[in-house]
Each structure stands twice: as C-alpha cells, then as structure tokens.
C-alpha cells in the first residue's frame with residue numbers, strides 16, 4: 001500500500017499554517033482479464049489521428065470477486081493513435097459472470113507503442129455498470145488496470161484492481 005500526501009482544502013493557498021493531510025490509496029485485486037483481439041481496422045489521417053478499431057473476440061475475467069466471459073459480439077477497442085504512436089484506449093464490452101449476471105464495462109487508458117508492440121504496459125481506468133443486485137457493489141467502484149499487449153497484438157492481459 002502506498003501513501004500520498006493531499007493538501008487540506010480548508011486552508012487557502014499561501015497560508016503559512018497550511019498543513020498537509022495523509023491519505024492512503026489501496027489497490028484491492030479484482031480480476032485478471034484476458035482479451036483476444038481480431039485483426040484491426042486502420043483509418044489513417046482522421047482529424048484526431050489514426051483510428052485503430054480492434055474487435056474483441058474473447059474477454060475472460062478470473063478473480064475471487066469477478067469471474068466471467070464476453071457476452072455477445074458488440075465489443076471493441078476504438079483506439080486513437082497519435083503521430084508519436086501514443087494510443088488512447090476506448091473499450092466497451094458486455095461481460096456475463098459465471099453465475100449469470102450481465103455487467104457492462106468501459107474503460108479509457110493509454111498505450112505507448114513508440115518502442116514496439118508488447119514493449120510498454122497499457123494503463124486503463126475501468127468502470128462497471130449492472131442492474132444485478134448480487135453485483136451492485138461493482139457500480140460504486142473505480143478500478144485501475146495495468147496490462148501487456150502481445151507482440152503480435154492479438155492478446156491483451158490486464159491485472160485489474162479496485163481503488164479504495
């Protein structure tokens with residue numbers, strides 16, 4: 001567990017009596033997620049950079065609190081790639097848990113491809129939405145993820161943690 005200093009919002013900036021408070025940020029393991037990606041579609045020279053659309057053909061979650069797989073076929077990463085090969089992730093998927101609940105997940109993040117595929121980690125901030133009472137807790141969390149892209153860009157494996 002790592003601690004971060006946070007400035008008290010009550011004391012105005014520049015006040016010599018301003019104190020810092022300590023807060024902790026905990027990362028609680030949620031799941032390991034493995035995404036299998038189809039051959040991507042490339043749209044170069046768009047107003048926001050190169051669009052790389054990779055359909056997700058499989059998405060498996062394995063964890064003590066969240067285990068499941070991709071439901072349906074409407075899942076993809078709508079990546080935007082800058083001229084310096086910095087990718088901005090934009091992923092949406094529907095997960096069916098092992099006990100039948102449906103959970104929508106979406107996340108944005110960053111992926112540096114300037115040193116080659118699979119050379120740098122991917123970072124993401126997943127959110128989850130469900131109406132299933134058994135998983136109501138997941139609607140309230142913010143997660144973070146760190147992943148690795150395979151050298152052939154067909155698989156992405158994330159370690160996902162809940163932030164507390």
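Worth a mention:
- Verdict on residue 65 being in a loop (DSSP other than H, G, I, E, B), surrounded by 12 or more Cβ atoms within 10 Å (Cβ to Cβ) and over 15 Å from the mean Cα position of the chain (by Cα): yes
- Residues that are surrounded by 14 or more Cβ atoms within 10 Å (Cβ to Cβ) and within 22 Å of residue 136 (Cβ to Cβ) within region 71-105 comprise 71, 92, 93, 94, 95, 96, 97, 101, 102, 103, 104, 105, listed in sequence order.
- Qualifying residue in region 113-122 (condition: without any contact (Cβ under 8 Å) to a residue 12 or more places away in the chain, surrounded by fewer than 17 Cβ atoms within 10 Å (Cβ to Cβ) and not in a loop (DSSP other than H, G, I, E, B)): no
- Where residue 163 falls short, out of the listed (1) under 18 Å from residue 37 (Cα atoms); (2) surrounded by fewer than 19 Cβ atoms within 10 Å (Cβ to Cβ); (3) touching a residue at least 40 places away in the same chain (Cβ under 8 Å): (1)
- Within region 96-104, the presence of at least one residue that is at pLDDT 95 or above, in contact with a helix residue (DSSP H, G or I) (Cβ under 8 Å, 6 or more places away or on another chain), within 18 Å of residue 70 (Cβ to Cβ) and part of a loop (DSSP other than H, G, I, E, B) is confirmed.
- Considering the conditions (1) closer than 19 Å to residue 69 by Cα; (2) not in a strand (DSSP E or B), residue 92 is excluded by exactly one of them, (2).
- Members of region 43-56 that are part of a strand (DSSP E or B) and in contact with a strand residue (DSSP E or B) (Cβ under 6 Å, 6 or more places away or on another chain): 43, 44, 49, 50, 51, 52, 53, 54, 55, 56
- Per the conditions (1) surrounded by fewer than 16 Cβ atoms within 10 Å (Cβ to Cβ); (2) outside any strand (DSSP E or B), the sole criterion not satisfied by residue 135 is (1).
- On inspection, residue 77 does not qualify as in contact with a helix residue (DSSP H, G or I) (Cβ under 9 Å, 6 or more places away or on another chain) and either part of a strand (DSSP E or B) or on the phi < 0 side of the Ramachandran plot (or both).
The values are calculated or read from the model by the stated rules, or taken from the named source; none is laboratory data. These figures come from a predicted structure and were not determined experimentally. Glycine also receives a Cβ, built like all others from the backbone with ideal geometry; neighbour counts cover every protein chain displayed.
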